[in-house]
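As C-alpha cells, the structure follows; a few thoughts come after it.
The values are calculated or read from the model by the stated rules, or taken from the named source; none is laboratory data. Computed from a predicted model, the values in this text were never measured in an experiment. Backbone-built Cβ (ideal geometry, glycine too); neighbour counts: all protein chains shown. In case anyone asks, the SASA skips ligands and DNA or RNA and just uses the protein heavy atoms, side chains included. Shrake-Rupley method; radii C 1.70, N 1.55, O 1.52, S 1.80 Å.
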Amino acid sequence: MVLKLSTLFLRTLREDPVEAEVDSHKLLVRAGYIRRAAPGIYTWLPLGLKVLARVEAIVREEMNAIGAQEVHFPALLPREPYEQTGRWTEYGEGLFRLKDRKGADYLLAPTHEEMFTLLVKDLYSSYKDLPAYLYQIQNKYRDEARPRAGLLRGREFIMKDSYSFNIDDEGLDEAYVAHRGAYVRIFERLGLEVVPVFAQAGAMGGSKSEEFLHPTAVGEDTFVRSPGGYAANVEAVTTVVPDAIDFSDAAAFEVLDTPDTPTIETLVEAANQLRPRAEGQWTAADTLKNVVVAVIDPEGNRHVVVIGIPGDRQVDLKRAEATIGLALEINGEVAVEAANAEDLAKHPELIAGYIGPGNGLDQQVLGTEASSGIIYLVDPRIVSGTSWITGANEKGKHVFGLVAERDFSFDGTIESVKVREGDPAPDGSGPLRTERGIEMGHIFQLGRKYAASLDLKVLDKNGKLSVVTMGSYGIGVTRAVAALAEAYHDDNGLAWPKQVAPADIHIVVTGKGEELLVAADNLAKEFEAKGMEVIFDDRPKVSAGVKFSDAELIGVPTIVVVGRGLADGVVEVKDRATGERRDVAVTDVVEELTA
RNA sequence: CGGGCUAUGGCGCAGCUUGGUAGCGCGCCUGACUGGGGGUCAGGAGGCCGUGGGUUCAAAUCCCGCUAGCCCGACCA
C-alpha cells in the first residue's frame with residue numbers, strides 16, 4: 001500500500017503539545033499518530049492505527065501459536081456478573097458506570113474475568129472440553145484518578161487479555177508456562193526489552209504471578225534486580241534472614257535514662273554518650289524501632305499492630321499490606337496506614353518515642369500473649385540472639401542489650417521494610433539495584449476465585465462436579481505502542497523498529513522536475529508490488545527541509561530520497577535509526593531493499 | 001483526595017501589575033520568488049479572551065463564585 005502524504009490525513013506539529021511531559025507522548029502527537037480526545041482518552045489517526053495493527057498482529061500470532069482462540073466481548077456490560085464477584089463495589093471509583101433508559105446499571109469493562117468465566121460456563125460442562133485458552137484484544141476502561149504520560153496510563157486503553165481454564169493445578173501450570181513463553185516471544189519480536197519480575201499475588205489467592213516490566217526512566221513501577229539475574233517487584237522481595245546468634249554469654253540488658261530521645265537520631269546520639277563502645281559508634285542499625293500501624297480489614301475495622309524493624313530502616317506500607325493479612329488471619333484485601341491519634345489513644349501503654357517489646361520475657365508488653373495484647377510482628381532480620389537498643393515503654397527511658405528470644409518474643413515476622421539499594425538478593429545473586437519500569441504484561445494463576453463465585457463447574461472423570469481453575473494473562477497493547485515510541489526515538493523524532501513501523505519505506509521527492517516525481521512514483525509502485533508498505537511524500541511546493549524533517553519525525557526505518565542524484569541514476573537511502581546514508585542506483589534500489 | 005499552575009484564533013504564547021475596544025510566532029488561503037535541511041516577500045481568512053455574577057462611563061485586564069485542563073503526590077487487578 002502507498003500512502004501519499006499529499007492526501008494522507010496527517011498534520012505534523014512543529015511544537016510540542018503543552019500537555020505532554022514524556023517524549024513518547026510528545027512525539028506521537030507531533031508526528032500525527034494520536035490526538036487527545038479527553039483526559040487519558042486518545043483518537044488514533046491513520047499512522048497510529050498502522051502501528052497499532054502491527055503490534056496487534058504480533059500478539060495474535062503468538063497467542064494463536066499456543067492454541068489460544070480469539071473472541072470479542074462487548075466493552076459495555078451489565079452489572080450482574082460484576083455483582084456476583086463483588087467487583088461492582090470493590091472496584092470503587094475506578095469503574096465507569098452508566099445506566100440505560102430503564103435505569104438498569106451498566107459498566108464499561110475494566111477487565112473481563114467475569115465474562116470469560118461465564119462464557120465457558122455457558123458452553124462447556126465436561127473436563128473433556130478442557131483445557132481452553134481464550135483471548136481478546138479489546139478496549140478497557142478505568143477511571144484513573146490521574147491519567148498521565150499519554151498512552152502510558154490512559155482511561156481507555158487496549159489490552160490483550162487471555163484466560164486459561166483447566167480442570168486441575170497441573171493443567172494450570174502448563175497453561176501458565178505456555179503463556180509465559182508466548183509473552184517472552186511477543187516482547188522479543190516487538191523489540192521491547194522486558195524483565196519478568198516476581199509479583200506479589202496478594203490476597204487474590206493466586207499462587208504464581210509475574211509482571212513483565214520494561215525498564216525505563218518514565219516507568220511508574222519500581223522493581224529491583226541483581227547482577228545474577230534476580231528481578232522482583234519491591235512488594236515481592238524477601239529478606240535474606242541472618243543466622244541466629246548464640247546468646248549464652250551475652251550481657252544482661254539494662255534500662256537507662258535517655259531523656260528527650262523520641263527519635264532514632266537523638267537516641268543514637270544519647271547511646272554514644274551514655275555507653276560508648278569499643279567496636280565503633282552505635283548507629284541506627286543497632287536500634288529496634290517499633291512502628292504502630294493500623295490494618296483495615298475488608299469490613300472496615302481497624303486493627304492496631306506494632307511492627308519492629310531495625311532503626312535504620314523504614315516501613316513500606318505497600319509491602320506490609322501484601323502479607324499482613326495472612327499474619328492477622330484476615331481474608332481479603334486489607335489496607336495498612338500509619339496509626340492515627342485515635343488508635344494510639346486506645347492503647348495508653350504505647351508511649352510515642354519509647355515503645356519497646358518490654359523489659360524481659362516476664363514483663364513483655366507487646367504481643368498477643370503480653371500485657372497489651374497488641375499484635376507484635378518483626379522484620380525477619382530480628383533473629384534469635386540479636387541484641388537491640390529499644391524503648392522501655394516509659395517516657396525518657398530506653399533499654400540496652402535487649403536480646404531477641406531471650407528477653408522478648410514476637411507473634412511473627414513480616415516483610416514490611418522498604419527495600420534498599422544494596423540489599424542482598426534472596427537467591428544469593430548479588431546486591432539489589434532499584435530501577436523504574438512500565439508494566440507491559442502480567443500473568444498470574446487466578447486459581448478458583450472467579451470460577452467459584454460464578455459457579456463454573458464441569459464434570460470430572462468420576463462424574464463429579466469440579467470447580468475449574470483459571471489463569472489470567474494481560475498485555476497492554478496501546479501501552480506497548482507508547483513504550484516502543486519511548487524506547488525508539490531521538491531528538492528528531494520517532495525511529496520505529498521495522499516490525500512495528502507504520503510503513504517499510506518512506507520516499508521523499510525533492511526538486512521540482514516532473515521526471516523526479518515520475519521516478520519516485522514508479523519506485524513507490526515497485527515497492528508496493530513487492531508487498532511493502534510505502535509512505536510517499538509527493539507534496540508539491542513543500543521544501544526539502546520540511547520533507548526531511550517530517551520523514552524523521554514520522555520515523556519509518558528506511559528513507560529513500562529521489563532528488564538531485566537522479567540525473568546520475570542514483571537515489572539516496574537513509575537509515576532512520578543510524579543516520580547512515582548512501583547512494584544506490586535507481587535500478588537496484590527496490591531489489592536491494594526488499595532482499 | 002491533598003498541593004501547585006493554567007485557561008486569549010487550529011497549535012504555542014504575549015497582553016493583565018497601572019482598565020480605554022486584542023497582538024506575536026507557527027499553521028491555513030492567494031500570488032511571486034526559491035528549490036537538498038522547517039526559505040523570502042506581498043496580500044488575506046480566522047477570536048462572545050473557559051463560564052456565571054459584581055465593580056466601572058468602560059473589563060481579556062480589578063473582585064467573588066463555578067467549571068475544565070495540566071503537573072507533583074496519594075491511589076492504580
Completion exercise
Per the charge dipole of chain A (beta-carbon charges, Lys/Arg positive, Asp/Glu negative, Cα centre), the residue among A:ILE475, A:SER384, A:VAL315 reaching farthest to the positive end is A:ILE475
Practice task
Within 10 Å, count the other beta carbons around each residue, average over each peptide in A:573-584, A:226-237, and list them highest first.
Solution key: A:226-237, A:573-584
Fill in the blank from the handout: Check: C-alpha center the stretch A:457-484 vs C-alpha center the stretch A:347-411, spacing in Å is 46 Å
Problem - For chain A, accessible area per residue (1.4 Å probe, heavy atoms of protein chains only), Å² - result: 46 Å²
Practice task
Taking every Cα atom in chain A, find the radius of gyration and the maximum pairwise distance Dmax, and write them in Å.
Solution key: 30.6, 100
Problem - Total charge dipole magnitude, the stretch A:254-413, about the Cα centre, Cβ charges on Lys, Arg, Asp, Glu only, Debye to nearest 20 - result: 300 debye
Exercise for the section: For the stretch A:55-116, divide the Cα radius of gyration by the Kirkwood radius and give the resulting Rg/Rh value with two decimals. Expected result: 1.10
Exercise for the section: Take the alpha-carbon centre of the stretch A:497-566, take the same for the stretch A:147-188, and report the distance between them in whole Å. Expected result: 38 Å
Exercise for the section: Could you list the trypsin sites (Lys or Arg not before Pro) in the stretch A:437-546 that lie in coil according to DSSP, counting only those with at most 10 other Cβ atoms within 10 Å of their Cβ? Expected result: A:LYS461, A:LYS464, A:LYS512, A:LYS541
Practice task
Could you sort A:344-350, A:210-216 so that the peptide with the highest average Cβ count within 10 Å comes first and the rest follow in order?
Solution key: A:210-216, A:344-350
Exercise for the section: With an 8 Å cut-off on Cα pairs and a minimum separation of 6 or more residues, tell me the relative contact order of chain A in percent. Expected result: 18 percent
Exercise for the section: From the P(r) of the stretch A:151-292, can you give the percent of Cα pairs sitting at distances over 19 Å? Expected result: 72 percent
Exercise for the section: Among the trypsin sites (Lys or Arg not before Pro) in the stretch A:399-433, which ones are in a DSSP loop with at most 13 other Cβ atoms within 10 Å of the Cβ? Mind listing them? Expected result: A:ARG420
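Taking every DSSP beta bridge with both residues inside chain A, roughly what % is antiparallel (nearest 5)? All intermediate terms of the calculation are to be shown ahead of the outcome.
Values: 94 of 119 bridges.
Looking only at bridges with both residues in chain A, the antiparallel portion is about 80 percent.
If you place +1 on the Cβ of every Lys and Arg and -1 on the Cβ of every Asp and Glu, how big does the dipole about the Cα centre of the stretch A:1-112 come out, in debye to the nearest 20?
With only Lys, Arg, Asp and Glu charged at Cβ, the dipole is about 600 debye.
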Handout entry: Loop-located GluC sites (Glu not before Pro) in the stretch A:374-482 whose Cβ has at most 13 other Cβ within 10 Å (DSSP)
Key = A:GLU421
Problem - Cross-link reach list, lysines versus A:LYS4, counting only Cα pairs under 16 Å and skipping chain neighbours closer than eight places - result: A:LYS50, A:LYS525, A:LYS541, A:LYS547
Handout entry: Set of lysines with alpha-carbon distance to A:LYS289 below 21 Å, sequence-local pairs under 8 removed
Key = A:LYS318, A:LYS346, A:LYS395, A:LYS397, A:LYS418
Problem - Estimated dipole of chain A in Debye, rounded to 20 [Cβ of Lys and Arg +1, of Asp and Glu -1, Cα centre] - result: 1980 debye
Exercise for the section: Mind jotting down the three principal axis lengths of the stretch A:503-594 based on Cα atoms? Whole angstrom, largest first. Expected result: 29, 27, 21
Problem - Formal net charge of residues neighbouring A:LYS128 (Cβ-Cβ distance under 13 Å; K, R +1; D, E -1) - result: -1
Exercise for the section: Over the residues of the stretch A:4-148, compute the C-alpha Rg and express it relative to 2.2 N^0.38 Å. Expected result: 1.33
Fill in the blank from the handout: Of the candidates A:GLN445, A:ALA487, A:THR434, the farthest towards the positive dipole end of the stretch A:418-507 (Lys/Arg Cβ +1, Asp/Glu Cβ -1, centred on the Cα centre) is A:GLN445
Practice task
Quick one: net charge around A:GLN445, please, counting Lys, Arg +1 and Asp, Glu -1 for every other residue with C-beta under 9 Å from its C-beta.
Solution key: -1
